[in-house]
Each structure stands twice: as structure tokens, then as C-alpha cells.
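Worksheet: one structure, shown below.
The values are calculated or read from the model by the stated rules, or taken from the named source; none is laboratory data. Computed from a predicted model, the values in this text were never measured in an experiment. Cβ atoms come from the backbone with ideal geometry, glycine included; neighbour counts cover every protein chain shown.
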Amino acid sequence: MNRLYYSPASPFARKVRVAILEKGLEDRFELVDVATSPLDTDPELAARNPLGKIPCLQCADGRVIYDSRVILRFIDSLGDEVRLYPDGDAAFDRLTLESLAEGVIEAALLCVYERRFRDAAHVSEAWLDGQAEKITRALDWFEAHVPEALDDRFDAAAIGLACALGYLDFRQPIDDWRTGRPRLTTWYKTVSERPSIVQTRPN
């Protein structure tokens with residue numbers, strides 16, 4: 001049995017959980033909910049991932065892999081009926097889209113941490129503005145290119161974007177991202193109805 005160390009609120013871990021559901025592999029993964037943060041790492045997690053970050057996957061054969069994108073590649077290797085990544089040169093385009101969506105999550109998380117772990121008097125508005133600009137530029141790019149860039153596929157790139165937008169709704173590090181982005185809003189409304197997205201939605 002593969003053991004996935006995760007937190008329900010983590011957008012990175014959510015990507016992995018969505019991928020497991022989309023691939024129909026629920027019976028091959030045990031989910032282990034761990035409480036961890038940049039300032040307080042769960043000892044069981046740290047024993048497997050020196051960085052103390054989630055998601056972290058202990059494979060059935062004893063190997064340990066981490067970083068959501070690495071874990072998604074592993075999950076994709078477990079079956080061919082549903083593919084998260086294409087073969088050949090097309091993979092590079094999808095990996096780039098996945099990376100862009102990942103950057104949105106990272107910038108949003110940095111905004112959340114800036115407010116959560118600094119005293120209010122020391123929060124850097126310049127830092128928050130810089131992260132918000134990254135998010136805005138990325139979302140504007142997706143608005144201009146979705147859904148054509150995703151080819152109506154719900155693969156790793158689309159999963160990453162869906163989880164990024166879900167995290168923006170959950171933590172709200174910026175003003176309403178839907179304003180001025182009708183195409184992206186419509187795309188997200190559609191994919192939000194997928195069972196994998198509904199089942200992994202953070203509370």
C-alpha cells in the first residue's frame with residue numbers, strides 16, 4: 001500500500017489526491033493526515049522527507065518521493081487508461097502549463113505565510129504586492145489561452161490550475177480573481193463539478 005502524507009488544506013497535496021481519484025487508484029493509497037507548518041514539522045513526516053513538506057509519498061516498495069509534480073509522475077505510471085501527461089515533445093508544453101499553475105499556488109502561499117507568520121507591524125506590503133502581481137500575470141495568461149491551451153483535457157496541467165484557483169478561493173490572498181476573466185471563470189465552474197474536485201475541496 002502506498003501511503004500519502006498530506007493535509008486537507010494543502011493545494012499541493014490536493015493535486016495528488018485529485019490525480020489519484022482521476023486515475024481510479026483510491027484502493028492503492030492510504031491517506032495520512034499530518035499537521036505541519038514551516039515552523040512546526042511533524043516528526044513522522046520529517047523522518048521521511050527531510051524538508052518536512054507535504055505531500056510526501058511512501059511507496060509500497062519502501063521508496064519515498066516528494067514534491068507534488070514528482071508524485072504525479074509516479075501516479076501516472078500506475079496505469080494507462082487515464083493519462084496525466086502526454087508522451088513525446090507534447091509533454092513539455094503540458095509541463096510548462098503545470099509549472100505556471102504551480103507558480104500561482106506558490107505565490108498565493110507566500111502571501112498567506114507573510115500574513116500568518118509575521119507580526120502585523122512587520123508585514124511587507126511590497127512583498128504582498130509582488131506576489132499578487134505574479135498571480136495576476138499568470139491568471140491573465142490563462143484567461144487569454146484557456147480552454148484552448150488545455151485541449152479540454154483534465155490532466156496534470158488542468159489539475160494544477162483547478163487546485164490553484166481553488167486555493168485562491170479558499171485563502172483569498174488577492175481580490176476576486178474572477179473579475180475580468182470570464183473564460184477562466186467558466187472553465188473553473190465546469191471542472192469544479194468533477195467528483196475529484198468536489199471530494200477534495202478544503203473546508
**Message:** Just to be sure I understand the filter: pairs with C-beta atoms under 7 Å, separated by 6 or more residues or on different chains, first member in the stretch 33-46 and in a strand (DSSP E or B), second member surrounded by 12 or more Cβ atoms within 10 Å (Cβ to Cβ). Which pairs pass?
**Reply:** D33/Y6; D33/S7; D33/P8
**Number of the condition not met by R118 [criteria: (1) in the same structural domain as A156 (by TED's automatic domain parsing); (2) under 19 Å from the mean Cα position of the chain (by Cα)]** = (2)
**Asked** Does D152 meet the test of being over 17 Å from D175 (Cα atoms) and out of contact with any Lys or Arg (no Cβ under 7 Å at 6 or more places or on another chain)?
**Response** yes
**Item:** Selection count, the stretch 5-19, where residues are in contact (Cβ under 8 Å) with a residue 60 or more places away in the chain, outside any loop (DSSP other than H, G, I, E, B) and among the aliphatic types (A, V, I, L, M)
**Value:** 2
**Asked** Within the set of pairs 6+ apart or on separate chains, which have a first residue in the stretch 130-153 that is surrounded by 14 or more Cβ atoms within 10 Å (Cβ to Cβ), a second that is assigned to a loop (DSSP other than H, G, I, E, B), and C-beta atoms under 7 Å apart?
**Response** A132/I174; I135/I174; L139/W177; L139/R181; E143/R181
**Complete:** Considering residues that are among the hydrophobic types (A, V, I, L, M, F, W, C), touching a Ser or Thr at 6+ places or on another chain (Cβ under 9 Å) and closer than 25 Å to R73 by Cβ, the number found within the stretch 157-182 is 5
**Message:** When the residues of the stretch 75-89 are narrowed to those that are crowded, with 16+ Cβ neighbours inside 10 Å and at pLDDT 95 or above, which ends up nearest to D27 (Cα to Cα)?
**Reply:** I75
